1. So, of the residues in segment 19-39 that are under 18 Å from Thr57 (Cβ atoms) and open to solvent by 60 Å² or more (accessible area, probe 1.4 Å), which turns out to be farthest from the chain's Cα centre (by Cα)?
2. Of everything in segment 47-66, what is in a strand (DSSP E or B) and either without any contact (Cβ under 8 Å) to a residue 24 or more places away in the chain or under 18 Å from Thr30 (Cα atoms) (or both)? Give them in sequence order.
3. Condition test on Gly16, is it modelled with pLDDT under 95 and over 16 Å from the mean Cα position of the chain (by Cα)?
4. So, in segment 40-86, how many residues would count as being open to solvent by less than 60 Å² (accessible area, probe 1.4 Å), under 18 Å from Val5 (Cα atoms) and of a type outside the set (A, V, I, L, M)?
5. Which residues, counting only those in segment 28-45, are outside any loop (DSSP other than H, G, I, E, B) and under 12 Å from Cys95 (Cα atoms)?
Amino acid sequence: QVQLVESGGGLVQVGGSLRLSCVASGKTDTIYHMAWYRQAPGILRELVATITHGYGTHYADSVKGRFTISRDNAKNSVYLEMNGLKVEDTAVYYCAASTGGDYYWGQGTQVTVSS
């Protein structure tokens, strides 16, 4: 089992920045991919960014050039640096971890971008 705890969400104005953090505990040595997803009201949960154990990254087109995912394997942590925030980035952001056989989710952290 893997447990994930996110932090860093909040209220920010358009154009502002936030940094989300996620710390994993439990069987962290089994984690391969980590990712950030988001879900806005009435919209399906969508992938924001992924990062492999070897630091390969992938981004949704909507956040390319504005968001940066990173991880610190020694700290069992993944981060999401969000710059140039837009109103449409408002959502609950979820950390996720894949062990190959299972997928784990954090409880989510709210990001609200106001105009």
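The values are calculated or read from the model by the stated rules, or taken from the named source; none is laboratory data. What you are looking at is a predicted structure, and each value in this text was computed from that prediction instead of being measured. Counting neighbours? That spans all protein chains shown, and the Cβs are built from the backbone with ideal geometry, glycine included. Protein only, heavy atoms only, side chains kept; ligands, DNA and RNA dropped before computing areas. Shrake-Rupley method; radii C 1.70, N 1.55, O 1.52, S 1.80 Å.
1. If we take residues in segment 19-39 being under 18 Å from Thr57 (Cβ atoms) and open to solvent by 60 Å² or more (accessible area, probe 1.4 Å), then Tyr32 is farthest from the chain's Cα centre (by Cα).
2. Quick first cut of segment 47-66, residues in a strand (DSSP E or B) only: 47-51, 57-59.
Leu47, Thr50, Ile51, Thr57, His58, Tyr59, listed by residue number.
3. Working: modelled with pLDDT under 95: no; over 16 Å from the mean Cα position of the chain (by Cα): yes.
It is false that Gly16 is modelled with pLDDT under 95 and over 16 Å from the mean Cα position of the chain (by Cα).
4. 8
5. First, the residues of segment 28-45 that are outside any loop (DSSP other than H, G, I, E, B): 28-30, 34-39.
Those that are outside any loop (DSSP other than H, G, I, E, B) and under 12 Å from Cys95 (Cα atoms): Met34, Ala35, Trp36, Tyr37, Arg38, Gln39.
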